[in-house]
Amino acid sequence: MSGGGAMGPTPSPAGAADARKRREAYAEALRRAADFLREEDDFLVVSHLSPDGDAIGSTAAVGLLLKSLGKTYALMNADRPPEKYAPLLAGQELTVCGEQPPARRFRAAVAVDCADFERIGAARRCLAEDARILNIDHHPTNEGYGTVQLLKFDAAATVQIVFDLAETLGVPWTKPLAECIYGGLLTDTGGFRYANTTPEVMAIAERMLRYGADGNALAEQLLEKMSFSQVMLLKEALATLSFTEDRKIAWMSVTRDLLASVGAAEEDTDGLVNIPRNIEGVEVGLLFKEKEPGEVKVSLRSAGRVDVAALAKSLGGGGHVRAAGCTVRGTVAEAERLVVDAVKAKL
Ligand code: 5GP
Ligand code: MN
């Protein structure tokens, strides 16, 4: 599918040829992905650790596609998804794989929204050694693991690619499927506000609304609603807001002690990184979350000048140019020093 359309700038002949080649390669990848789903019978559908709205929306949407095709499947994640994403599962069960050995191993899998295969975490143990994997993703840092790759780096969300796959398969549109797709678009574009909100995104969203997606209810549920513990955490986390001298880098930090003191869960940190990111003049906003003693998850958000995907990748993580993440070893203070210095070097 083209991202530009008639209103875009006139591409150079070489640019137009490149764009056509990319479109053809994507159409071919869609056909191969559709064949993969038709050929196999029993699938594990997995996404990344600490799943977000796009991860859950695309997991559930692939499940609905498989159901339409009459296949058996299980939806799985290594981490329990935040409660607010439950409506996106469209009534399907999602197994959180625990530490106990898996009941059985799948020979075919669909990994959605996973920039690298390690991001499926413990769910890997539920796959046979020689499992065939369909890799559906929009992260530019995806290096193409799996048997079949369905990658589109200019897609706003993985659900946008799953939309194309649904069209390729010709499965009937239903309200639950439309809500999975809409929910993933809504969360990965920050409510249709981020730079990835293209005409194509809006065109797909429009169709999902026509197929019955309740846009208002989904926005309330996925974006607006805050739990009590989330607000209490926000109140305390704001006290940690720090800046470099030139105020081009801003960050907040959440330790395990802070979480415990306000009775907040890990998922209550969702969206906190937008506070440093949204401050006028800030080029890079950061959030440091202590996962375990000595292990800190870092969220990076850029106003556009710094490619945080490249930066996160150099620290063992990945993501998008304007939104990326990584996990570093050390105390929160050490992580702050390491990452803030790395961002300074890029500015
Ligand atoms: P967040 O900061 O919200 O966790 O993640 C922002 C973006 O970066 C998401 O697209 C997410 O998938 C990606 N991301 C976050 N952490 C990691 C990581 O450790 N490795 C990789 N490859 N991507 C990550
Ligand atoms: Mn995504």
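Some observations on this one:
- If you take all other residues with their beta carbon under 15 Å from the beta carbon of G330, and give Lys and Arg +1 and Asp and Glu -1, the sum is 0.
- Estimated D of the chain in µm² per second, where Rh is the Kirkwood radius over Cα pairs and Stokes-Einstein applies at 4 °C, 1.567 mPa s: 62
- Paramagnetic label reach from M202 (point 7 Å along Cα→Cβ; backbone nitrogen cut-off under 16 Å): within the range 167-190, residues 186, 189-190.
- Bridge type composition, the range 221-347 - antiparallel percent by DSSP, nearest 5: 75
- Net charge over other residues, Cβ less than 11 angstrom from the Cβ of S227 (K, R count +1; D, E count -1): -2
- Cα-Cα over 24 Å, subset of K225/K346; K248/K297; K84/K297; K84/K175; K225/K248: K225/K346; K225/K248
- In this label model, K344 and F117 are separated by 3.9 nm, measuring between points 7 Å along each Cα→Cβ vector.
- Carbon plus sulfur fraction of accessible area for the chain, probe 1.4 Å, in percent: 51
- Cα long-axis angle, helix 53-68 against the chain (0 to 90 degrees, to the nearest 10): 20
- Förster-model FRET efficiency, 22 Å R0, A86 and Y211, C-beta, rounded to 0.05: 0.60
- With at most 15 neighbouring Cβ atoms within 10 Å, loop GluC sites (Glu not before Pro) (DSSP) excluded, longest segment of the chain: 144-244
- Surface/4 of the Cα convex hull for the range 185-246, nm²: 6.2
- The Cβ shell under 10 Å around V298 holds other residues with a net charge of +1, Lys and Arg each +1, Asp and Glu each -1.
- Along the chain, longest interval not containing exposed trypsin sites (Lys or Arg not before Pro), exposed being DSSP loop plus at most 14 other Cβ atoms within 10 Å: 1-103
- Virtual spin-label span in nm between R256 and E220, 7 Å along Cα→Cβ: 3.8
- Charge dipole magnitude, Cβ of K and R +1, D and E -1 - the range 57-163, Cα centre, debye nearest 20: 420
- Modelled label reach - F192, point 7 Å along Cα→Cβ, the range 164-185 residues with backbone N closer than 14 Å: 182-185
- The angle between the Cα long axis of helix 228-237 and the main principal axis of the chain comes to about 50°, on a 0 to 90 degree scale.
The values are calculated or read from the model by the stated rules, or taken from the named source; none is laboratory data. In this text the structure is predicted, and so the values were computed from the model without any measurement. In this analysis, Cβ positions are derived from the backbone assuming ideal geometry, glycine residues included, and neighbour counts consider all displayed protein chains. Surface accessibility is based on the protein's heavy atoms, side chains included, excluding ligands, DNA and RNA. Shrake-Rupley method; radii C 1.70, N 1.55, O 1.52, S 1.80 Å.
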